[in-house]
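Okay, so here's the structure we're looking at.
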Amino acid sequence: MLSVALASLASFIEEISSSIIKFEANHKKESIYTAGFINMLFGIFIFILIALFRNSFVFSLASLPTFSIKAFLEILQGWATMNAIQKVDRSSYAFIRNLTIPLLLLTDYFIGFAIRPAQLAGVLIIFIIFGIIMFFHIINFRSIGYSLFTAVNAVATISLFKYNITNFNSVEGEQILTSLVLLSYFFLAAKFIAKENPLGFLTHRLFLGQGVFHGIASIFASYSVALGNPGIAIAAGRASAVLVGIVSGHNYFQEKKFGAKLLVSLGLIVGLVLLTR
């Protein structure tokens, strides 16, 4: 239950940060690279404080092969995520990300784990829901490729994260080093691509709030995976994210088909629940 609660809470808090980024980036107040830098900066600060308080920083050199692959994939994930936040409707982004869950389950099946009948039913329901969404054009497919990439790539990053914290590193060690890699990427991209000084944005309260919310959400999400079944934790977080994304998109970004999105979201949540059985 704690894992589910943390994952759900992380989704609600993350939506606040993402909505700020979408609004400010679309109004040319900050680039996606500066937004990414601020998010990573606050995440690192919080994880360092936790590591110092718990004396729990563990990073094994034996994890470097898998960590290096994960770090590269995380850079791609960070780039695609920030583009998706800016360019994709909030509800569309929330729906598409749920493809990660059945893909994780199918990955487990192909490497030898058995799929229970309820889980198979959940996979079928999710794909049926996505078929309905596409057939009736319930969501906006503009720039949806970014969301699709994050959904598929997350299968690899989540699997590698769980592998590393199970066999080599602590959650804090894994996340601090990963965040440092992403922080460096976003800083350089902000300086040389967007021609911005991301450090200068830290004097604005709105951007500070964006970073704080993202940092807190990242902690809750990481511990939800570490403290429980990754599939259940992710399913709970994504189910919450769908509902929050629909409400946020309708209320703040004037997205349409609110009722239809709520209806198909219920079917999607049923599928996600079955995946955890």
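The values are calculated or read from the model by the stated rules, or taken from the named source; none is laboratory data. As the structure is a computational prediction, the values presented were derived from the model and not from experiment. FYI the Cβ positions are ideal-geometry reconstructions off the backbone, even for glycines, and counts take in every protein chain you see.
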message = Can you tell me which residue is farthest from VAL242 (Cα to Cα) among those in region 43-80 that are of a type outside the set (A, V, I, L, M, F, W, C), at pLDDT 90 or above and buried (at least 22 other Cβ atoms within 10 Å of the Cβ)?
response = LYS70
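Residues are listed down the side, and each one gets a yes or a no for (1) of a type in the set (Phe, Trp, Tyr); (2) at pLDDT 70 or above; (3) in contact with a Leu (Cβ under 6 Å, 6 or more places away or on another chain); (4) part of a helix (DSSP H, G or I):
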residue: ALA217; (1), (2), (3), (4): no, yes, no, yes
residue: PHE220; (1), (2), (3), (4): yes, yes, yes, yes
residue: SER224; (1), (2), (3), (4): no, yes, yes, yes
residue: ILE234; (1), (2), (3), (4): no, no, no, yes
residue: SER240; (1), (2), (3), (4): no, yes, no, yes
residue: ASN251; (1), (2), (3), (4): no, no, no, yes
residue: LYS256; (1), (2), (3), (4): no, yes, no, no
residue: GLY259; (1), (2), (3), (4): no, yes, no, yes
residue: LEU262; (1), (2), (3), (4): no, yes, no, yes
query = Checking GLU30 against (1) part of a helix (DSSP H, G or I); (2) in contact (Cβ under 8 Å) with a residue 12 or more places away in the chain; (3) under 23 Å from the mean Cα position of the chain (by Cα), which test does it fail?
reply = (1)
inquiry  = Can you report the number of residues in region 170-208 which are assigned to a loop (DSSP other than H, G, I, E, B), more than 21 Å from the chain's Cα centre (by Cα) and not aliphatic (A, V, I, L, M)?
reply    = 4
message = So, in region 51-80, how many residues would count as being farther than 22 Å from ILE21 by Cβ, in a helix (DSSP H, G or I) and polar (S, T, N, Q)?
response = 3
inquiry  = Can you report the number of residues in region 106-160 which are of a type in the set (Phe, Trp, Tyr) and more than 30 Å from SER68 (Cα to Cα)?
reply    = 5
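Please find, among ALA84, ALA94, the residue that is at pLDDT 85 or above, surrounded by 24 or more Cβ atoms within 10 Å (Cβ to Cβ) and in a helix (DSSP H, G or I).
ALA84
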message = Going residue by residue through region 110-120, is there one that turns out to be of a type outside the set (Gly, Ala, Ser), in contact (Cβ under 8 Å) with a residue 12 or more places away in the chain and under 25 Å from TYR185 (Cβ atoms)?
response = no
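Just name the residue that is modelled with the highest pLDDT out of those in region 97-118 that are hydroxyl-bearing (Ser, Thr, Tyr) and either closer than 14 Å to VAL152 by Cα or surrounded by 17 or more Cβ atoms within 10 Å (Cβ to Cβ) (or both). Steps first, please.
Narrowing region 97-118 to residues hydroxyl-bearing (Ser, Thr, Tyr): 100, 107, 109.
If we keep only those that are either closer than 14 Å to VAL152 by Cα or surrounded by 17 or more Cβ atoms within 10 Å (Cβ to Cβ) (or both) as well, we get 100, 107.
Details: THR100: 81, THR107: 76.
Once the filter is applied, the top-ranked residue is THR100.
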ask   = Going by the structure shown, is GLU24 of a type in the set (Asp, Glu), crowded, with 18+ Cβ neighbours inside 10 Å and out of contact with any Gly (no Cβ under 9 Å at 6 or more places or on another chain)?
value = yes
query = Within region 158-168, is even one residue at pLDDT below 90, under 16 Å from SER218 (Cβ atoms) and in contact with a Leu (Cβ under 8 Å, 6 or more places away or on another chain)?
reply = yes
